[in-house]
Each structure stands twice: as C-alpha cells, then as structure tokens.
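One structure is given below, encoded as structure tokens.
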Amino acid sequence: MKLHVLIYDGFVSFEIMLATYLLKTKGDMVTVGLSTDPVTSYEGFKLIPSVSIPELRADDIQLLLIPGGDIQDIQSHSALNTLINRLDQRNAYIATICSASQLLDMERLSAEQKKQLLTNPAGVTIEGNLITAKANKYVDFAIELGKVMDIYRDKEDLEETIQYFKLFKEKFHFFRTETTEF
C-alpha cells in the first residue's frame, strides 16, 4: 500500500501523525505537495514533498490523506481539485480531517450525507470512499483509517491499538513483543 499525504504551508501535522504512524506499518508513505518546494507546517516543521501533484498518477493512489490547516491557498488549486475529483470518481479513499474536509466535492452527496460528513457528533464519518474527522478526533480517525485500509492482523491487534492509543492503558502487547510497562 502507498499512503499519499498532502503537505502544504500551514498544514497541521499533529492531526495526521498517528494515522501515518499506524498506516506506515502496511506500506510506504509518499508526501505530496502542490510543488516540490519546501513547506512549513503550522507547528513550524519544514518539509520537502516527495512528489508534486502534477507528477502523480491518480490510478496509483489507494489513499490520499489530507490534514487540516489553513486551506485558503489550496482550496482553489486546480491540480489538487482535479486529483481529488479523479480519486473520488474511481472510489479511491480520500481521508480528510478538520478544515481539509471542505476540499471535498460533495455535489454527489445528499444533503444528509454532507451534514453527516461535516458535522457528525461522533467525530469520524465514513461515507463510501470519503473519510472525514473533526480535528480533536485524530486518534479515532487514525484507528478508523487502519480499519478501512485493513492494517490490523486481527481483532486483538485492533483492540490493542485502541487500548494503547485511545484509552492510554499502560500495559500492552504492542507489535507482538513482550509486555511493556512505562
């Protein structure tokens, strides 16, 4: 699996850190930029995208993960909008969190589906190939993305992930190693 992550000036890295950490266990992560020029996250991290949007083939993307942040400059980016629409047309997964959910072309969705995607009180919504989350639901978002992308070995692996990352249990059997206490 190749996980493609959009990075842009002002993206909020904490919203996707756990998701990328978990998903990387089943594949490679490719950072995507509007260009290959360095970007600076909201937190001040400077990163260089691995590829630019024009270099991508939509057919090669299984999941595009888009963090929230200041999306004002990217909302009208035609190559990004084209990529999102192509991915949506072929039912590739598009996962957005926080303000990034506003980038989705929701014309194909009913009013109820749009409301569910953008205002779900549970915080994470999966509607077909679209996965959206509120910013403060980044742990649930990461866990749900793991389910969608089939990264868990079994129910116990999923439960272990929930116990450790969501419920902060101190004892765990992570990555099938000995019990570790912190």
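Table: residues versus (1) under 18 Å from Phe141 (Cβ atoms); (2) in contact with a helix residue (DSSP H, G or I) (Cβ under 8 Å, 6 or more places away or on another chain); (3) among the hydroxyl-bearing types (Ser, Thr, Tyr).
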position: Tyr8; (1), (2), (3): no, no, yes
position: Val12; (1), (2), (3): yes, yes, no
position: Ala19; (1), (2), (3): yes, yes, no
position: Leu22; (1), (2), (3): yes, yes, no
position: Leu34; (1), (2), (3): no, yes, no
position: Pro38; (1), (2), (3): no, no, no
position: Ile48; (1), (2), (3): no, no, no
position: Leu65; (1), (2), (3): yes, yes, no
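Report whether or not Thr119 is of a type in the set (Ser, Thr, Tyr), at pLDDT below 90, more than 13 Å from the chain's Cα centre (by Cα) and not assigned by TED's automatic domain parsing to the domain that holds Val32.
no
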Picked from segment 70-97 (must be under 16 Å from the mean Cα position of the chain (by Cα), of a type in the set (A, V, I, L, M) and not in a helix (DSSP H, G or I)), the residue farthest from Ile143 (Cα to Cα) is Ile71
Please determine, by comparing only the residues of segment 51-68 that are assigned to a loop (DSSP other than H, G, I, E, B), within 17 Å of the chain's Cα centre (by Cα) and not β-branched (Val, Ile, Thr), which one is surrounded by the fewest Cβ atoms within 10 Å (Cβ to Cβ).
Gln62
If I filter segment 131-153 for residues that are buried (at least 19 other Cβ atoms within 10 Å of the Cβ), in contact with a His (Cβ under 7 Å, 6 or more places away or on another chain) and in a helix (DSSP H, G or I), do I get at least one hit?
no
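The values are calculated or read from the model by the stated rules, or taken from the named source; none is laboratory data. As the structure is a prediction and not an experimental result, all values here were calculated from the model. Virtual Cβ from ideal backbone geometry, glycine too; neighbours counted across all protein chains shown.
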